[in-house]
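The values are calculated or read from the model by the stated rules, or taken from the named source; none is laboratory data. From a predicted model like this one, the values you see are computed outputs, not experimental measurements. Neighbour counts run over all protein chains shown; Cβ positions are idealised from the backbone, glycine included. These accessible areas exclude ligands, DNA and RNA; they are computed on the full protein's heavy atoms, side chains included. Shrake-Rupley method; radii C 1.70, N 1.55, O 1.52, S 1.80 Å.
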Amino acid sequence: MDALKSASLYFVRNKGQSVLLVILMAAIFWGELIGLFLYDTGIHAKEDAYRYNGSALYITGEHLNLSASDYERIENLAHVTGVSNWTEILVTPVGTSNVKEHTGSDPKETSEDTRHVGDDMVLLAQMDIPMYRLFRWEKAVSLIEGVFPDTNTQGVLVESRYAGLNSLGIGDEVELYAKNYDVTITVPICGIYEVDSEFEILEANEEGESVYIHSPYNTIFIDYYNALSLIPFESYAYNGCEIYVDDIQNLQTVGNEIHENFGQDVMVYDNTTYYLEDECQIVVLMNRLSQLICVLVFVIGQIIILITISMFADQYQKETAMYLILGERKRFCIGRFSAITGLYILSGMVVSVFIYIISAPLICRIVNDISIHVITNAQSFGIGGYKNTAIGQGFAVTVASNVIWNRWNALIMCAVGGATWGIALILPLYSVGVTRPRKLLE
């Protein structure tokens, strides 16, 4: 008789034993799927947190004296995607008006000085504007026309509401007065960005009309060195800078390169590790919990399977003895038990996938609630007089049940299935090895 056919008949005829072992197998595989789900969710969260954090490294040194050529040299290092330094300059638009569009409460009456600040805007001098968090991370912010300012593009980037309010377009010039430096500059518009978010003024606002300088519609971006040539602000760029790295795995490599190029006295700070461990505890929690679940489910599951299979040890020996009396070889008995165990495992895998699909919405909801709770308690959010409804709301974990469907996880599940198959076969194979045909007569 064919071993596979005999195994199929055994699987069907011994319904109680088959159902019990399939349920045990399904529980093991379902537990492993939950562990992989948490692990993959944690990995994606780690990648998102890494992008959200912005700069990966910060370097500083008493005798650094970084020049423009040094910044270029750093940016050309392997795995470095950007180098940045920035400063904010309060400016008053001349001949144009800032944007006072908002939702929520109207600003309260304030002094004349504060009211005047409410007509100002922020000129953000940035070395690498595309790497700034608004454009690097926020999905509600995008460049809709023109290009980003850089050393080769001597212009400014303005928000679409400001451009629309003042009938401005690419190539038009804007005049800005920097009161702290008593300098008026005239610069062309090279790009327009759009913020798809409301600016809400809260009842808690105590700044009066000056709250408008915090509006994302009233930020103008300019290249750092271009701003430095127009406005005599004090630059601290020579003291150090922020460095963007393409992948978290390359932080150490870039840090070593910095030391090789600028000496061992340079202080290299890892912003990423601190951010992940302090502000994004949910990432570390998910990674540790997922590993713990996978190990515990596998170990405990295998112990339970061995105990359950031991309940049928006498039956295995009698069946083996019967087949040997009928003239079958031990090779046939081994193949038969292997096929039976394989049917248990395959059935358990299929059942576990169905259980996972059915339970996925509940699992996602639980993980999402836990992540929100952990993030809320880990991060400190300042209470101010305004908020942007769709930007700057902090790091969040994206929970999706389909995150586990990938080739790597399929290989892991096959490995778990193979290990389970081998462990579940220990007692049946032992019975084949020790059983003699006279066992049937006992």
Worksheet entry | Subset of the range 159-175 (residues that are of a type in the set (A, V, I, L, M, F, W, C) and farther than 16 Å from SER215 by Cβ) | LEU168, ILE170, VAL174
Worksheet item: Is there a residue in the range 314-321 that is more than 30 Å from GLN17 (Cα to Cα) and open to solvent by less than 30 Å² (accessible area, probe 1.4 Å)?
Response: no
Worksheet item: Only one residue in GLU234, GLU203 is of a type in the set (Asp, Glu), free of Cβ contacts under 8 Å to residues at least 12 places away in the same chain and part of a loop (DSSP other than H, G, I, E, B). Which one?
Response: GLU234
Item to complete: Filter the range 265-301 down to residues that are open to solvent by 60 Å² or more (accessible area, probe 1.4 Å) and among the polar types (S, T, N, Q) and give me whichever is modelled with the lowest pLDDT.
Response: GLN281
Worksheet item: From the set of residues in the range 212-232 that are among the hydrophobic types (A, V, I, L, M, F, W, C) and open to solvent by less than 10 Å² (accessible area, probe 1.4 Å), which is farthest from HIS102 (Cα to Cα)?
Response: ILE231
Worksheet item: Hey, any hits in the range 100-109 for a residue that's more than 17 Å from VAL266 (Cα to Cα), assigned to a strand (DSSP E or B), at pLDDT 85 or above and out of contact with any helix residue (DSSP H, G or I) (no Cβ under 7 Å at 6 or more places or on another chain)?
Response: yes
Worksheet item: Applying the selection to the range 237-252, what residues are out of contact with any His (no Cβ under 6 Å at 6 or more places or on another chain), open to solvent by 60 Å² or more (accessible area, probe 1.4 Å) and touching a residue at least 60 places away in the same chain (Cβ under 8 Å)?
Response: TYR238, ASP247
Worksheet entry | Candidates VAL183, VAL174, VAL147 - the one that is over 34 Å from the mean Cα position of the chain (by Cα), farther than 30 Å from SER105 by Cβ and touching a residue at least 40 places away in the same chain (Cβ under 8 Å) | VAL183
Worksheet entry | From the options ILE129, ILE192, residue that is without any contact (Cβ under 8 Å) to a residue 60 or more places away in the chain and surrounded by 17 or more Cβ atoms within 10 Å (Cβ to Cβ) | ILE192
Worksheet item: Limited to the range 243-264, what total is found for residues that are at pLDDT 90 or above, of a type in the set (A, V, I, L, M, F, W, C) and either under 12 Å from LEU64 (Cβ atoms) or over 26 Å from the mean Cα position of the chain (by Cα) (or both)?
Response: 1
Fill in: Qualifying helices (runs of 4 or more DSSP H) (wholly inside the range 1-91; at least 2 residues being modelled with pLDDT under 90, under 30 Å from ILE304 (Cβ atoms) and over 19 Å from the mean Cα position of the chain (by Cα))
3-13, 15-53
Response to the item:
Log entry, pairs with first residue in the range 328-349 being on the phi < 0 side of the Ramachandran plot, second being outside any helix (DSSP H, G or I), beta carbons closer than 6 Å, six or more apart or on different chains, reads THR341/LEU425
Worksheet item: Residue check, ALA56 against (1) of a type outside the set (Val, Ile, Thr); (2) open to solvent by 10 Å² or more (accessible area, probe 1.4 Å); (3) over 30 Å from LEU346 (Cα atoms), all met but one. Which one?
Response: (2)
